[in-house]
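Notes follow the structure.
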Amino acid sequence: MRFWLRTEEMALEEMVQRLNAVSKHTDEIMHQDIVPLCAADIQDQLKKRFAYLSGGRGQDGSPVITFPDYPAFSEIPDKEFQNVMTYLTSIPSLQDAGIGFILVIDRRRDKWTSVKASVLRIAASFPANLQLVLVLRPTGFFQRTLSDIAFKFNRDDFKMKVPVIMLSSVPDLHGYIDKSQLTEDLGGTLDYCHSRWLCQRTAIESFALMVKHTAQMLQSFGTELAETELPNDVQSTSSVLCAHTEKKDKAKEDLRLALKEGHSVLESLGELQAEGSEPGVNQDQLDNQATVQRLLAQLNETEAAFDEFWAKHQQKLEQCLQLRHFEQGFREVKAILDAVCQKIATFTDIGNSLAHVEHLLRDLASFEEKSGVSVERARALSLDGEQLIENKHYAVDSIRPKCQELRHLCDQFSAEIVRRRGLLSKSLELHRRLETSLKWCDEGIYLLASQPVDKCQSQDGAEAALQEIEKFLETSAENKIQELNTIYKEYESILNQDLMEHVRKVFQKQASMEEVFHRRQASLKKLAARQTRPVQPVAPRPEALAKSPCPSPGIRRGSENSSSEGGALRRGPYRRAKSEMSESRQGRGSAGEEEESLAILRRHVMSELLDTERAYVEELLCVLEGYAAEMDNPLMAHLLSTGLHNKKDVLFGNMEEIYHFHNRIFLRELENYIDCPELVGRCFLERMEDFQIYEKYCQNKPRSESLWRQCSDCPFFQECQRKLDHKLSLDSYLLKPVQRITKYQLLLKEMLKYSKNCEGAEDLQEALSSILGILKAVNDSMHLIAITGYDGNLGDLGKLLMQGSFSVWTDHKRGHTKVKELARFKPMQRHLFLHEKAVLFCKKREENGEGYEKAPSYSYKQSLNMAAVGITENVKGDAKKFEIWYNAREEVYIVQAPTPEIKAAWVNEIRKVLTSQLQACREASQHRALEQSQSLPLPAPTSTSPSRGNSRNLKKLEERKTDPLSLEGYVSSAPLPKPPEKGKGWSKTSHSLEAPEDDGGWSSAEEQVNSSDAEEDGGLGLKKLVPGKYTVVADHEKGGPDALVVRSGDVVELVQQGDQGLWYVRDPTTGKEGWVPASSLSVQLGPSGSAQCLSSSESSPGSAVLSNSSSCSEGGQAPFSDLQG
């Protein structure tokens, strides 16, 4: 759609009228509407000068055309003659040409025949009106006489519409035409130069053509401008404005050239006076001068009209461009303001704590600051629109509504910000009041806890305590919440269900605390008012306390609390109140007050847990929004260094996953235990698997720390820190998750200390152990990822159980003797990693650097498969040493731990691994035996004894009463054998340290029994046991009178081998003897209390061997044997 201006239409019409006048005038000058000829077209014909227009006039103003003496007149082609006649007759004005032309034919030097032919030719082809023909006949006597005679006799041939007068001389010619109108060759005084006339005529016509073309160009350009559709975008409008400006400049240049040409022509014509005021100037010259002047005047007027039209058109285009800029800015600003309004509409949270509200206020201020740029831009754009309206823009009806909408959006945003800040301010005020009330309650609790009961028993002590309480209660007016309904009414605009519940709980806490104060106040008043004789308090003697068979609960718990270990959760009044309460319990006789004090301390620990959890969640959110999200903000991209591009996951790890877990799950579940803090251990246990996400974060921490050290001086971090108003840099906040996971175990220890006699004490203990296990796993994984040089996949080695640094000696059977001797005396420093399937030996290498860059790395050296590993727990001469040997002691590693405790922990863990492998091997062997028994004829129940190494399977079989190895099974099918007679069976020497030499020793090398091999050779035969001590792996309580009741883990001595898979054993602790199934004696012990040795035999992987060794040398190695699974 086009927007047209009335003034622009008027300017265009005026310019077009002027241009049409110019074109018409140039056509009149050149008579191109009648004869489309120009001097330049017939310049060669005009140069022949057989006829010319001198500019002379007759007495009545008739133009004079002179035909000078031209001998070759008859040879002129008719076309040329006709063109010259036509052109010469078109030069005078239409008014002068309408009077008629006077022809002067000079034939004074010609012949009569030529005169006759010339006159007849002219009369026949003259294109205009003739008034008079004057012929100067030949001057020779003969030719004159001939002409007189011939003219008389041939007068009819010369009958023309005008008279033809034969003149004998030039003076006769002067009688018809004044001398001033004749050229010098005809005896006149008229100054005429044909070449000059031709040049002037060519210049005038060229100027007229230039004027005409310029007028046509301006007219076409004006029409184009007027018909141009206004574009709808900024780019197109700018392009149109530039294109029109270029065309305007070209048109102006053409006008300038035309004016310059006109002035040049006018100068060539000379500065003549008007209307022949100067002698020698002919009328044609005056007409030419006037014509050029008129054309110049018209050109000037046309230029002025064009300038006026262009100014209005340019204003139109510029206003259109301004409108398009305004519309584009309006669209952009409106989109931004709409997004801002949508964003602020999502700010519905009013905070759940004082820190949370303060954080929301900071977020609101930051949002207002960021959005303020867009709002200011919108207001500036609205002012621009108002300025356009004041400047009488043609699109006022389109601009005004947009300005109003922009002002409305800005006012709406400002009002919403004010409303939102008002709500948060009220929330802040309410939370401050709640915090003040809670702080007042805490101070009251501390006051109650700090008043020793023994001192309150005296009247002075009671009065002092009463004064403290009354003084404290005087501060209630300014600290506590007075009326709950008043609070609800005053803060109705911000109260939601959660906040109302929080207010109610604070009010209840305040009321309960006041109730406790009033009870204490009443008790103290009674004590202060009671008049009793003074009693000297005597402290109980320590030995009396030690001899007391039934110490009071307060004394016992006080001693336990004073001896228990645990880091203090709070410092200052919290620790002081706790210690004073611990001392005061010894003087209390009321268990209820003690339990109440413990409940108060539990609530404070829970409050500390919740407060720090909320603060932790807020800090994580602050980092994610203030740093991580800003890394994807295009407006901040220029501040990022190249080293940070696409490194957000490296820098922040899985912090977002940690935040979502705590914010959406863990914090909400913790809040459910605020009224029963002693049960909070269940919350930790239910979410223990989710805490594994910290292992991933800690494993990424070295990479994050390294990246931070490289880019810590990046302007991006400084700008984000400035916006967040953080005093600490980002690396301090990246350490928060590591600090938080270690904080939980301190909180749980503190909670457990005050909950030992509560329902959830076991859950708290288990949660504490699990958190410590996670910390250990995290610590182990940090070491594990630092291993270099291992070709395989560490994940294939099973779970990492333990890791630590040791001194290691080697003592291998194979190898050079010198190397063996050197190995005995020179230890190697190795870092061992114990997995479920292998133990790795690595060399620790310290790295240079700071922080996490200084973390050590571990170069892999070798690994031992746990299926072929054995251990010797004790090595002579050092309680910190133990042996790890491999492949039947072909490779022996003497390992020295830093402390005996670390050694014991490693030995126990290795023993567990080997025992689990043994059980797994036996279960596999039994499974194969059962499969084979199903394919063979079943023997009698009394002769079958499928082994069960797993006590759980034995218990299941006992419950079903189908296990042939259980005592009850034997009793049901056949009576138990009789006990052996005295002196029968093995002698007592068989239980001594030395085994009989003829037995060949208990060596796996001599008696390697594999479960599957034994079954293939002898079917499902019974075990062949050897003398010694055995460990019971399955409970047996039912049986005959001669059966021995044993439990898993008991140690028994073999007395005699019986039939039907039963063995007669003796319990060395009770001295009782009886029959037990042979399958329950699965682990063989050496005949003495010397060091035990566990191994997984190389010949039968998965089977375990227990043997004794009192020396680390090969010669002192005690015999051992494998057991059939």
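Set the Förster distance to 35 Å, then compute FRET efficiency between Ala355 and Gln699 from the Cβ-Cβ distance, nearest 0.05.
It comes to 0.70.
Over all alpha-carbon pairs of region 164-274, lay out the pair-distance distribution in 10 Å bins, whole %, shortest bin first.
Computed distribution, short to long bins: 12, 23, 19, 16, 12, 9, 6, 3, 0.
Starting from the eigenvalues of the Cα gyration tensor, five times each then square-rooted, give me the equivalent ellipsoid semi-axes of region 384-532, largest first, whole Å.
Whole-Å semi-axes of the equivalent ellipsoid: 62, 13, 9.
Ordering His325, His660 from largest to smallest accessible area (1.4 angstrom probe), what's the sequence? Could you put the intermediate results ahead of the total?
Working: His325 100, His660 55 Å².
My answer, sorted largest first, is His325, His660.
Considering only the other residues whose Cβ falls under 11 Å of the Cβ of Leu752, what net charge follows from Lys and Arg at +1 and Asp and Glu at -1?
-1
Near the amide H of Gly804, under 5 Å away, which other amide H atoms are found, from residues 5 or more places off or on another chain, if H is placed in the peptide plane?
Leu832
Per the 1.4 Å probe, what fraction of the accessible area of region 184-343, in percent, lies on carbon and sulfur atoms? Write out the running numbers ahead of the final one.
Details: 3820 of 7640 Å².
For region 184-343, the apolar C and S fraction of the accessible surface comes to 50 percent.
Express the carbon and sulfur contribution to the solvent-accessible surface of region 386-521 as a percent, rounded to the nearest whole number, probe 1.4 angstrom.
Solvent-exposed carbon and sulfur of region 386-521 make up 48 percent of the total.
Per the Kirkwood definition applied to all pairs of different Cα atoms, how many angstroms is the hydrodynamic radius of region 459-530?
Its Kirkwood hydrodynamic radius stands at 14.0 Å.
By its C-alpha gyration tensor, with a ≥ b ≥ c as the square roots of the eigenvalues, how is region 617-660 shaped: rounded for a/c under 1.5, else prolate for a/b larger than b/c, else oblate?
Oblate.
Give, as a single signed number, the net charge of other residues whose beta carbon lies under 13 Å from the beta carbon of Lys489, with Lys and Arg counted +1 and Asp and Glu -1.
-2
Using r as the Cβ-Cβ distance of Asp44 and Gln82, and R0 as 22 Å, what FRET efficiency do you calculate, to the nearest 0.05?
In this case the efficiency is close to 0.90.
For Asp1035, what accessible surface area do you get with a 1.4 Å probe? Give it in Å², rounded to 10.
Rounded to the nearest 10, the figure is 30 Å².
Running Debye on region 66-110 with equal point scatterers at the Cα sites and no solvent, what base-10 log of I(q)/I(0) appears at q = 0.16, 0.20, 0.32 Å⁻¹?
The Debye formula, applied to the Cα set alone, gives -0.54, -0.78, -1.15.
Using square roots of five times the C-alpha gyration tensor eigenvalues, list the equivalent-ellipsoid semi-axes of region 199-255 in whole Å, biggest first.
33, 11, 4
Quick check: at a probe of 1.4 Å, how many percent of the accessible area of region 705-786 sits on carbon and sulfur atoms?
49
When ligands, DNA and RNA are left out and all protein chains stay put, how many square angstrom of accessible area per residue does region 375-423 have with a 1.4 Å probe?
Value for region 375-423: 56 Å² per residue.
Along each of the three principal axes of the Cα atoms of region 215-361, give the extent in whole Å, ordering the values from largest to smallest.
Projected onto the principal axes, the Cα atoms of region 215-361 cover 114, 27, 17 Å.
Checking the table Lys426/Lys480; Lys79/Lys260; Lys753/Lys881; Lys212/Lys247; Lys316/Lys343 against a 28 Å threshold on Cα-Cα, which pairs fail?
Flagged as over cut-off: Lys79/Lys260; Lys753/Lys881; Lys316/Lys343.
For the pairs Lys749/Lys912; Lys505/Lys727; Lys776/Lys826; Lys776/Lys912; Lys776/Lys876, note any where the Cα-Cα span goes beyond 25 Å.
From the list (Lys749/Lys912; Lys505/Lys727; Lys776/Lys826; Lys776/Lys912; Lys776/Lys876), the Cα-Cα distance tops 25 Å for Lys749/Lys912; Lys505/Lys727; Lys776/Lys826; Lys776/Lys876.
Put +1 on the Cβ of each Lys and Arg and -1 on the Cβ of each Asp and Glu in region 244-394; which of Val357, Leu286, Ser374 then has its Cα farthest toward the positive end of the dipole?
Farthest towards the positive pole: Val357.
If you plug each phi of region 678-694 into the Karplus form 6.51 cos²θ - 1.76 cosθ + 1.60 with θ = phi - 60°, what whole-Hz ³J(HN,Hα) values come out, in order, with x for Gly and Pro?
Going residue by residue, I get 5, 9, 5, x, 5, 4, 5, 5, 5, 10, 5, 5, 5, 5, 5, 4, 5 Hz, with x marking Gly and Pro.
Nearest 0.05, what FRET efficiency do Lys526 and Ser769 give at R0 = 30 Å with Cβ-Cβ as r?
Calculated value: 0.05.
If I model a spin label as a point 7 Å beyond the Cα along the Cα-Cβ vector, how far apart are those points for Arg504 and Lys861 in nm?
So the two model labels end up 6.7 nm from each other.
Mind listing the phi-derived Karplus ³J(HN,Hα) values for region 235-247, rounded to whole Hz, using 6.51, -1.76 and 1.60 with θ = phi - 60°, and x for any glycine or proline?
4, 5, 5, 4, 5, 4, 4, 5, 5, 5, 5, 5, 5
Just subtract the alpha-carbon distance of Ser264 and Gln342 from 0.36 nm times their residue separation and send over the number in nm, one decimal.
20.8 nm
Can you give the extra length, in nm with one decimal, that the chain gains between Ala888 and Asn757 once fully stretched, where that is 0.36 nm per residue apart less the Cα-Cα distance?
The Ala888-Asn757 span can extend by a further 42.0 nm.
What share of all Cα pairs of region 673-752, in percent, falls into each consecutive 10 Å distance bin?
Histogram of Cα-Cα distances, whole percents per bin: 14, 34, 26, 19, 6.
Given Cβ point charges of +1 (Lys, Arg) and -1 (Asp, Glu) and nothing else, what value in debye, to the nearest 20, does the dipole of region 419-508 about its Cα centre take?
Values: 13 positive and 16 negative charges, 153 e Å.
I would put it at about 740 debye.
The values are calculated or read from the model by the stated rules, or taken from the named source; none is laboratory data. Here the structure is a predicted model, which is why all the values come from computation and not from measurement. Heads up, the Cβs are rebuilt from the backbone with ideal geometry, glycines too, and the neighbour counts pull from every protein chain shown. Heavy atoms of the whole protein, side chains included, go into the accessibility calculation; ligands, DNA and RNA do not. Shrake-Rupley method; radii C 1.70, N 1.55, O 1.52, S 1.80 Å.
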